[in-house]
Amino acid sequence: MSERVDIFGDGRAVCYLGDCLEILPTFVAGSADAVVTDPPYNVGKDYGAHNDAMSDKEYTNWAAARVKECRRLAQNQFWVAPRYKLLLWLGLLPEAHLVVIPRGASGPFRGGWSDQFEITLACGKPNRCVPDLWKGIRLKGEGYFFRENTYGHPGYTPYPIMHRAVELFSVDACCDPMMGTGTTGVACMQLGRKFIGIEIEPKYFKIAVDRIRCSVAPQTTVSDRATDAPLFAAKAGGK
């Protein structure tokens, strides 16, 4: 049984603690403008409740099931994907456009190479014409130059990436089915979008809820949506 938290009590930010593969099917198809997320890469990091050390076959099946549900939920998709598993993710999102995010400083060394860029996969047309080279974003691994609080999350995604993705690919409602510490949700609140987030690890879920709650100042100009239709209406007979 998942835990549901309507952070502001008006449906603009609703978060679920649980497995997104169990929660996503309860939402009506096409409920969101976009899915914006950064999934685990199956490289053995400690995410708590999530197993990040599956076999290749298990990870492929894990990813495919979640992409399928996300594509049912929203037409636009934005996934932060690892270069070293790009073939897998392009197979799941074959029409995706590659967005490259270069490092501004020397990155970590992997297999004799200095890691100098990150890749994201975007499906759908952005709200305005933008370059597919996103410069000026500091990435993890840049040492002193990366100054964001990662909240102890091993796969933290820099806020500017998620902010730009939410801005470009949604106009009303956005979902992050693997929200971690809630960075996508914070971006949604700052941009006036509705948000639904799902996280399987209780520790990160709590951090996400607190971050999203604190991201909206008392004098916020985000309109009161208490009388709006429910965000991500559940299917009949759903949870």
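According to a simple spin-label model (label point 7 Å from Cα along Cα-to-Cβ), what is the distance in nm between Asp52 and Trp113?
2.1
Where is the GNM fluctuation largest for the chain (alpha-carbon springs, 10 angstrom cutoff): Thr60, Thr157, Thr37?
Of Thr60, Thr157, Thr37, the Gaussian network model singles out Thr60 as fluctuating most.
Post the alpha-carbon centroid distance, the range 39-83 to the range 170-216, in whole angstrom.
18
Can you compute the charge dipole magnitude of the range 1-94 about its Cα centre, using +1 on each Lys and Arg Cβ and -1 on each Asp and Glu Cβ, nothing else charged? Give it in debye, rounded to the nearest 20.
380
Using DSSP to call loops (not H, G, I, E or B), can you name the trypsin sites (Lys or Arg not before Pro) in the range 95-182 whose Cβ has at most 13 other Cβ atoms within 10 angstrom?
Filter output for the range 95-182: Arg128, Lys135, Arg147.
Quick check on the chain: of the DSSP beta bridges with both residues there, what percent are antiparallel, nearest 5%?
Counting only bridges with both partners in the chain, antiparallel ones make up about 50 percent.
For a quick check: with amide H placed at 1.01 Å from N, whose amide H comes under 5 Å from Asn76's, ignoring anything fewer than 5 positions away on the same chain?
Counting only residues 5 or more places away or on other chains, the set is Val35.
When the distances between all Cα atoms of the range 30-106 are binned every 5 Å from zero, what whole-number percent does each bin get?
Going from the shortest bin to the longest, the percentages are 3, 13, 23, 24, 18, 13, 5, 1, 0.
Could you tell me what a quarter of the Cα convex hull surface of the chain works out to, in nm² with one decimal place?
About 13.2 nm², averaged over all directions.
Compute a Gaussian network model of the chain, connecting alpha carbons closer than 10 Å, and tell me which residue from Gly136, Gly112, Gly44 fluctuates the most.
Gly112
Using alpha-carbon pairs under 8 Å, 6+ residues apart, how would you state the relative contact order of the range 3-215 in percent?
It rounds to 27 percent for the range 3-215.
Using per-residue counts of other Cβ atoms within 10 Å, averaged over each peptide, order 193-202, 78-87 from highest down.
Final packing ranking: 193-202, 78-87.
Quick note: the coordinates plus some simple rules give every number you see, no bench work behind them. The model shown is predicted, which means the values in this text are computed figures rather than measured ones. Every residue, glycine among them, receives a Cβ derived from its backbone with ideal geometry; neighbour counts consider all protein chains shown.
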